[in-house]
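The block underneath contains the structure these notes are about, expressed in structure tokens.
Read-outs: derived from the displayed coordinates by stated rules, not from any lab. Note that the structure is a prediction, hence the values are computed from the model and not measured. Please note: Cβ atoms are built from the backbone with ideal geometry, for glycine as well, and neighbour counts cover all protein chains shown.
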Amino acid sequence: MTQSIRTQLLFWLVIPILVLLLVGTALSYGLAISLATDAYDRGLVDEVYSIARCIQRKDGKLICDVPPTALALLQDDIHDKVYYQVLDQKLNMIAGDSAMPAMQPSADLAGKTSDCHGGTIGGEDVRIAMVSVPAPGDPHSIVYIRVGETMHQRERIADQILIGIAVPQLAIFSLSALLVWFGVRRGLVPLSNVRDAVASRSPVDLRPLALENVPKEVRPLVTAINDLLERLQQDLQAQRRFVANAAHQLRTPIAGLKTQSELALRQTDPKEINHALGLIHTGAERAARLANQLLALARAEPEAVDSQLWREIDLNLVGKNTCREFVSEALSKDIDLGFESSKVPVYVRGDESSLHELACNLVHNAVQYTQNGGNVTVRIEETAGSSGAFGHLVVEDNGPGIPAEEREHVFERFYRLIDRRVSGSGLGLAIVREIANMHDGEVSVGDGPGGAGTRVSVRFKVVDSGVGREQADGSAGRSLRGAGAVAGDRPRTGPIR
């Protein structure tokens with residue numbers, strides 16, 4: 001039901017009360033009518049016995065000599081007409097009104113000495129009482145006495161009984177409905193207070209709602225709202241820090257570009273101009289990378305995710321294509337960049353561009369922070385666990401490494417390690433974690449091979465792609481060693497290093 005809680009409570013409280021009152025009224029009315037009918041029937045039977053006392057035998061014949069006063073009392077009713085009839089055993093009328101319906105002894109009396117039943121006389125409903133008594137002077141003979149009475153008085157009494165029952169019941173229902181409405185309104189006041197407390201807040205007022213005087217039924221709702229407000233406050237603070245840091249990070253390269261361009265405009269020596277242009281180009285590259293990372297971080301936010309567009313992707317292709325992009329950068333530092341694919345395809349479900357961005361940030365960091373002549377290896381692994389198979393994208397290097405106490409902080413936005421001579425924005429690993437979380441993955445940082453350098457591993461849930469697991473693409477099981485080679489060009493023939 002989409003109605004309000006107040007409407008539902010009123011419906012489920014007032015309607016049952018109304019039904020119960022109607023049932024009670026019907027039962028009370030039926031009982032009262034039954035008692036009234038019995039009382040009137042007993043009065044008719046008494047009148048029958050009064051007439052029976054007037055039956056006598058004269059000259060061998062049965063006669064019914066009802067005194068005129070008794071007959072006047074019998075018929076003296078301003079509301080109803082009274083009929084009577086006396087019949088012998090052969091159903092011959094001895095006295096009374098011939099307008100009464102014919103008698104069927106077997107049906108009307110059915111072995112009883114007295115009976116009351118309904119009938120019609122002159123088109124009017126009547127109540128007929130009948131008694132069989134022994135005939136005077138002949139105990140073996142039977143005389144039937146019948147008295148009929150119209151039902152106007154009975155119907156009038158029934159109406160009075162109905163009014164007498166219905167009016168108090170209606171008053172009780174009205175009072176009950178009023179009390180229920182007041183009780184529901186009073187009971188929903190805490191919800192109204194919570195609504196007013198939330199509605200009165202400004203968009204930046206994320207203080208928790210007070211739990212004092214909150215009923216225990218409403219307390220879980222208020223607690224959930226407070227939890228939401230706390231998460232919103234944390235997210236808002238993170239966004240504010242992000243905007244502040246982003247503004248600060250962008251201000252530096254933009255200010256450098258402005259300074260270098262002003263210096264270039266003052267120079268007349270072509271060498272100095274070329275030098276200034278080189279600095280401008282370097283600053284522009286830094287600003288462009290920072291802007292791209294900011295955009296990548298924004299795309300990795302949970303609200304920007306559209307999982308309906310995801311598809312199954314082989315991590316081997318992600319790793320191989322990423323290594324190809326960093327061949328020239330690795331060559332410039334004489335770094336041995338290697339790629340090792342898994343023996344079988346490792347399919348994960350996700351966004352291809354996001355996974356490529358994740359791998360690019362990992363490889364870029366490894367190449368950037370590894371010393372000249374160092375080694376960087378990108379490896380795709382698959383492991384099995386109790387909850388299924390997992391694919392790992394691993395990037396290892398033998399660079400300076402990350403201290404254990406700093407490994408959790410490096411995933412914070414704009415966080416950079418101290419004593420690093422290489423410039424950076426501090427967004428690479430933050431982007432990696434956001435993209436991993438977006439794909440329900442996990443990121444871990446450890447020591448590189450032999451305890452030196454850094455090993456970053458991103459774990460994803462493997463999906464069944466429908467492709468034979470025993471077959472891999474051309475790069476599966478192959479290794480790229482040397483920055484100038486192409487991933488998958490030749491099979492691995494020796495150790496990694």
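A few comments on the model shown:
- With neighbour counts taken as other beta-carbon atoms within 10 Å, the residues Ile55, Ile63 rank, fewest first, as Ile63, Ile55.
- In this structure, Asn274 and Ala244 have a Cβ-Cβ separation that, at R0 = 41 Å, corresponds to a calculated FRET efficiency of about 0.70.
- Each residue, Glu155 and Leu20, gets one label point 7 Å from its Cα in the Cβ direction; the gap between the two is 3.6 nm.
- Straight-line cross-link partners of Lys461 among the lysines, defined as a Cα under 27 Å from its Cα and at least 8 positions apart when in the same chain: Lys320, Lys343.
- Rounded to whole numbers, the Karplus 3J(HN,Hα) couplings from phi for segment 360-367 are 4, 5, 5, 5, 4, 4, 4, 5 Hz, using 6.51 cos²θ - 1.76 cosθ + 1.60 with θ = phi - 60°, and x at Gly and Pro.
- Using a simple spin-label model with pseudo-atoms 7 Å out from Cα toward Cβ, Gln56 and Ser200 lie 9.9 nm apart.
- Chain lengthening between Arg349 and Ser98 when straightened (0.36 nm per residue, less Cα-Cα): 80.3 nm
- Length gained when the stretch Leu27-Ala224 is fully extended (0.36 nm per residue, less Cα-Cα span): 66.0 nm
- Approximate spin-label separation Gln8-Leu232, in nm, with each point projected 7 Å along Cα-to-Cβ: 2.4
- For segment 371-412, GluC sites (Glu not before Pro) are listed when DSSP marks them as loop and at most 13 other Cβ atoms sit within 10 Å of their Cβ; the list is Glu408.
- From phi via Karplus (6.51, -1.76, 1.60), per-residue ³J(HN,Hα) for segment 395-407 in Hz, x at Gly/Pro: 10, 10, 8, 10, x, x, x, 10, x, 4, 6, 9, 5
- Distant-in-sequence amide contacts of Val463, defined by a placed amide H-H separation under 5 Å and a gap of 5 or more residues or a different chain, comprise Tyr347, Val348, Arg349.
- The order of the peptides 84-90, 196-202 by mean Cβ neighbours within 10 Å, most packed first, is 84-90, 196-202.
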